[in-house]
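J.: Quick one: structure below, then a few questions.
The values are calculated or read from the model by the stated rules, or taken from the named source; none is laboratory data. Since the structure is predicted, the reported quantities are computational estimates derived from the model, not experimental observations. Cβ atoms come from the backbone with ideal geometry, glycine included; neighbour counts cover every protein chain shown.
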Amino acid sequence: MKSLKRNFHVVLICAVLLSAFMASPASATIVKKSGVVMGTELEVTFNVTDTASIDPAFAAVVAEMTRIEEMMSEWKETSPVSLINRNAGKGPVAVPDELFKVIFAAQLTSEVTKGAFDISWAALRGLWDFAPGHERIPTDAELKKAVALINFNKVVLDPGKKTVFLKDAGMSIGLGGIAKGYAVDKAMETLNRLGIKNAIVKAGGDMRVQGVSDTGPWEIGIKNPRLKDAFIAKLRLTDISISTSGDYERFFIKDGVLYHHIIDVRTGQPARESRSVTILARDTMTTDAFSTAIFVLGPVEGMRLVERLNGIEAIIVDANGKVRASSGINIGETAAPKAQ
């Protein structure tokens with residue numbers, strides 16, 4: 001497996017070395033456009049020679065991501081996901097090919113991570129509330145009841161019929177940990193079809209980096225989870241996806257304890273062993289799911305898994321602020337973040 005990691009490292013290094021030979025056209029312009037889609041901030045960075053193409057391209061990205069949201073959001077009553085949930089314990093539901101693909105990928109991730117990633121987490125929906133002024137910690141009884149309904153092995157897929165069936169009444173799935181990554185991938189495909197080859201699509205903590213900036217590979221900063229506007233590392237990247245899950249994204253503090261939204265589905269409580277996990281891989285659907293899963297597994301077990309997987313790298317900041325990087329990434333000398 002170490003040879004696989006070295007190969008991945010070579011790809012990153014080559015991206016930097018080739019920057020001198022991959023310069024953008026002299027008249028290229030870097031422009032950023034932002035909006036809100038799928039309940040999160042969307043930012044698209046364009047490196048283009050024709051600025052007139054930016055507005056229609058951004059509109060096309062928003063339209064594509066909105067289309068996916070309509071299909072894959074459990075919050076929308078008309079979505080196929082909501083139909084699956086309403087039929088829990090009753091019968092299978094036929095779903096569109098795209099949705100089946102994403103749920104199938106989620107199930108594979110669950111198997112690889114031994115349930116650290118599990119779309120049936122949605123049995124917990126509504127028990128925790130991280131909205132300012134509405135903070136809520138569920139009772140032990142509520143968590144026990146909900147956790148009993150979380151089991152990816154009871155999400156039954158029929159590849160031939162493209163159906164999804166939740167075996168037990170009361171089960172529910174939510175694709176918040178994977179659908180946004182898929183939408184970012186599709187957004188970049190949309191840009192490609194429009195002839196835009198050098199761009200970044202970023203939705204919340206999920207990002208697809210393609211082509212080059214005006215100076216070569218894009219420079220991407222990995223946030224320090226305890227120091228605002230500071231970074232633990234900066235990477236020069238091209239044609240790759242990157243996702244970060246952090247305990248600083250949605251949280252509240254009560255009685256001196258930080259409660260955040262990345263839940264360990266095995267307990268129903270926030271995962272406690274990491275402050276942030278950044279995953280690099282070939283597509284954003286993968287990085288989205290694995291950043292959550294590795295966060296839940298923790299830095300030791302999580303990094304052990306990353307080292308076994310082909311084409312996936314990680315940067316983890318553990319609960320004590322120690323920065324760890326997998327063998328395929330050289331982040332240089334990085335100081336551990338200051339303690340909270």
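J.: Go through the residues of the stretch 28-49 one by one and say whether even a single one is modelled with pLDDT under 95, over 30 Å from Asn153 (Cβ atoms) and touching a Gly at 6+ places or on another chain (Cβ under 9 Å).
T.: No, because not a single residue in the stretch 28-49 is modelled with pLDDT under 95, over 30 Å from Asn153 (Cβ atoms) and touching a Gly at 6+ places or on another chain (Cβ under 9 Å).
J.: Shifting gears a bit: Name the one entry in Gly321, Gly302, Gly256 that is buried (at least 18 other Cβ atoms within 10 Å of the Cβ), outside the structural domain of Pro132 (by TED's automatic domain parsing) and more than 30 Å from Lys197 (Cα to Cα).
T.: On the way: Gly321 fails: buried (at least 18 other Cβ atoms within 10 Å of the Cβ); Gly256 fails: buried (at least 18 other Cβ atoms within 10 Å of the Cβ).
Only one candidate qualifies: Gly302.
J.: Could you look through the stretch 86-112, keep only residues that are surrounded by fewer than 22 Cβ atoms within 10 Å (Cβ to Cβ) and of a type in the set (S, T, N, Q), and pick out the one that is farthest from Tyr182 (Cα to Cα)?
T.: Only one residue fits best here, namely Asn87.
J.: Only one residue in Lys145, Lys186 is surrounded by 15 or more Cβ atoms within 10 Å (Cβ to Cβ), in contact with an Asp or Glu (Cβ under 8 Å, 6 or more places away or on another chain), modelled with pLDDT of 95 or more and not assigned by TED's automatic domain parsing to the domain that holds Ser241, so which one is that? Quick ask: steps written out before the conclusion?
T.: On the way: Lys145 fails: in contact with an Asp or Glu (Cβ under 8 Å, 6 or more places away or on another chain).
Unique residue meeting the criteria: Lys186.
J.: May I pose another question? So in the stretch 32-82, with the set limited to residues that are polar (S, T, N, Q) and in a helix (DSSP H, G or I), which one is surrounded by the fewest Cβ atoms within 10 Å (Cβ to Cβ)?
T.: Keep residues of the stretch 32-82 that are polar (S, T, N, Q), which gives 34, 40, 45, 47, 49, 51, 53, 66, 73, 78-79, 82.
Now restrict to residues that are in a helix (DSSP H, G or I): 51, 53, 66, 82.
Working: Thr51: 11, Ser53: 15, Thr66: 13, Ser82: 17.
Looking at the filtered set, the residue picked out is Thr51.
J.: For the condition in contact with a Phe, Trp or Tyr (Cβ under 7 Å, 6 or more places away or on another chain) and not aliphatic (A, V, I, L, M), what is the one hit in Gly221, Gly216, Gly181, Gly195?
T.: Details: Gly216 fails: in contact with a Phe, Trp or Tyr (Cβ under 7 Å, 6 or more places away or on another chain); Gly181 fails: in contact with a Phe, Trp or Tyr (Cβ under 7 Å, 6 or more places away or on another chain); Gly195 fails: in contact with a Phe, Trp or Tyr (Cβ under 7 Å, 6 or more places away or on another chain).
Answer to the selection: Gly221.
J.: Tell me which residues, restricted to the stretch 296-332, are part of a loop (DSSP other than H, G, I, E, B) and over 21 Å from Ala271 (Cα atoms). I'd like the intermediate steps shown before the answer.
T.: Initial filter on the stretch 296-332 (part of a loop (DSSP other than H, G, I, E, B)): 298, 309-312, 319-322, 326-332.
Hits for the stretch 296-332 are Leu309, Asn310, Gly311, Ile312, Ser327, Gly328, Ile329, Asn330, Ile331, Gly332.
J.: Scan the stretch 113-142 residue by residue and report those that are surrounded by fewer than 18 Cβ atoms within 10 Å (Cβ to Cβ) and among the hydrophobic types (A, V, I, L, M, F, W, C).
T.: Leu127, Phe130, Ala131, Ile137, Ala141
J.: Ok, one more. Which one is surrounded by the most Cβ atoms within 10 Å (Cβ to Cβ) among residues in the stretch 201-249 that are among the aliphatic types (A, V, I, L, M) and more than 15 Å from the chain's Cα centre (by Cα)? Give the steps one after another, and end with the answer.
T.: Start the filter on the stretch 201-249 by keeping residues that are among the aliphatic types (A, V, I, L, M), which leaves 201, 203, 207, 209, 212, 220, 222, 227, 230, 232-233, 235, 237, 240, 242.
Now drop any that are not more than 15 Å from the chain's Cα centre (by Cα), which leaves 212, 220, 227, 230, 232-233, 235, 237.
Details: Val212: 22, Ile220: 19, Leu227: 11, Ala230: 13, Ile232: 23, Ala233: 19, Leu235: 25, Leu237: 21.
Result: Leu235.
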